[in-house]
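Have a look at the structure below, then the notes.
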Amino acid sequence: MMFVYPPVGLEIFMSTDKVQTIVIEEPRLFYEISNDIYGQINGESGNTVISENYVPIQLSRSADIITQFIPFTANRKDILSNIYSELKAISINESFYGVTQELYTYIEKYLYDLVEDMDTEMDFCRPDDISVILKAFNLHIVETDKKLNEKLLEYILVLREYKKRSVFITVGLRNYITSREAEDLFQSILLNGITMICLESKSSALLKNESRVIVDEDLCII
């Protein structure tokens with residue numbers, strides 16, 4: 001894959017066996033590139049090009065940018081919605097359809113018994129799908145006591161599975177994790193065949209599974 005930012009002549013051939021770090025020491029350029037990628041992921045036009053076999057990928061469909069690490073959670077509304085949709089499909093397949101209908105019947109009987117002695121006449125509607133029950137029980141991804149690098153990996157794997165994202169860009173990640181945690185994260189990312197690009201404003205220890213390009217304050221590319 002390639003990462004290109006034409007305004008400063010930045011062209012990077014990214015290796016499949018390394019996580020690509022781009023250190024941008026000039027603050028305005030760091031902001032411009034980060035904001036440009038963020039805008040494209042949200043459907044805007046921009047200058048940054050990430051390509052595979054010289055064919056640009058559509059960032060709004062294939063990429064995700066991670067800019068917030070405090071707090072950090074994989075339990076985003078859009079991710080949970082995709083998980084609910086997946087579970088809805090499972091709930092009506094051959095293995096679960098009968099059990100799902102029995103559950104609805106049981107809940108309906110429970111509700112009829114619950115309101116039977118009320119002075120006010122009550123009624124209710126059977127939900128269209130299992131999502132209502134899943135939400136009522138606050139179905140969520142377990143994150144308790146996990147380190148940030150572990151949460152990040154889980155988040156990335158969930159987005160790849162449920163939102164079909166294949167390229168992940170982090171902004172300032174190394175400010176929040178140790179070199180050992182970064183090395184563990186990068187190794188797992190590579191083992192799962194995921195493309196990861198780390199945008200940083202300063203250099204940290206270079207890791208064995210990391211490739212690095214530096215754009216210094218004079219916009220020289222090293």
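For region 50-101, give me each residue that is over 29 Å from Glu150 (Cα atoms), touching a residue at least 12 places away in the same chain (Cβ under 8 Å) and in contact with a strand residue (DSSP E or B) (Cβ under 9 Å, 6 or more places away or on another chain).
Tyr54
Would you say Glu52 is at negative phi and not assigned by TED's automatic domain parsing to the domain that holds Ile177? First the steps, then the outcome.
Numbers: at negative phi: yes; not assigned by TED's automatic domain parsing to the domain that holds Ile177: no.
No, not satisfied.
Going through region 48-102 one residue at a time, which ones are of a type in the set (Lys, Arg), part of a helix (DSSP H, G or I) and under 18 Å from the mean Cα position of the chain (by Cα)?
Correct list: Arg61, Lys77.
Could you tell me whether region 22-29 includes any residue that is surrounded by fewer than 18 Cβ atoms within 10 Å (Cβ to Cβ) and touching a residue at least 12 places away in the same chain (Cβ under 8 Å)?
Within region 22-29, one or more residues are surrounded by fewer than 18 Cβ atoms within 10 Å (Cβ to Cβ) and touching a residue at least 12 places away in the same chain (Cβ under 8 Å).
Based on what the data block shows, is Val132 more than 34 Å from the chain's Cα centre (by Cα) and at pLDDT below 90?
So Val132 fails the test.
For every residue, the table says whether it meets (1) among the hydroxyl-bearing types (Ser, Thr, Tyr); (2) part of a loop (DSSP other than H, G, I, E, B); (3) in contact with a Ser or Thr (Cβ under 7 Å, 6 or more places away or on another chain); (4) not assigned by TED's automatic domain parsing to the domain that holds Leu153.
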| position | (1), (2), (3), (4) |
| --- | --- |
| Ile22 | no, no, no, no |
| Arg28 | no, no, no, no |
| Ile33 | no, no, yes, no |
| Gly43 | no, yes, yes, no |
| Gly46 | no, yes, no, no |
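Take Gly39 and decide whether it is over 27 Å from Leu191 (Cβ atoms), among the small types (Gly, Ala, Ser) and part of a helix (DSSP H, G or I).
It is true that Gly39 is over 27 Å from Leu191 (Cβ atoms), among the small types (Gly, Ala, Ser) and part of a helix (DSSP H, G or I).
Is there any pair linking a residue in region 208-222 that is buried (at least 16 other Cβ atoms within 10 Å of the Cβ) to one that is of a type in the set (Gly, Ala, Ser) and not in a strand (DSSP E or B), with Cβ under 7 Å and at least six apart or on different chains, and which?
Ser211/Ser15
The values are calculated or read from the model by the stated rules, or taken from the named source; none is laboratory data. Keep in mind the model is a prediction, meaning the values are calculated, not measured. Cβ sites come from the backbone with ideal geometry, for glycine too, and all protein chains shown count toward neighbours.
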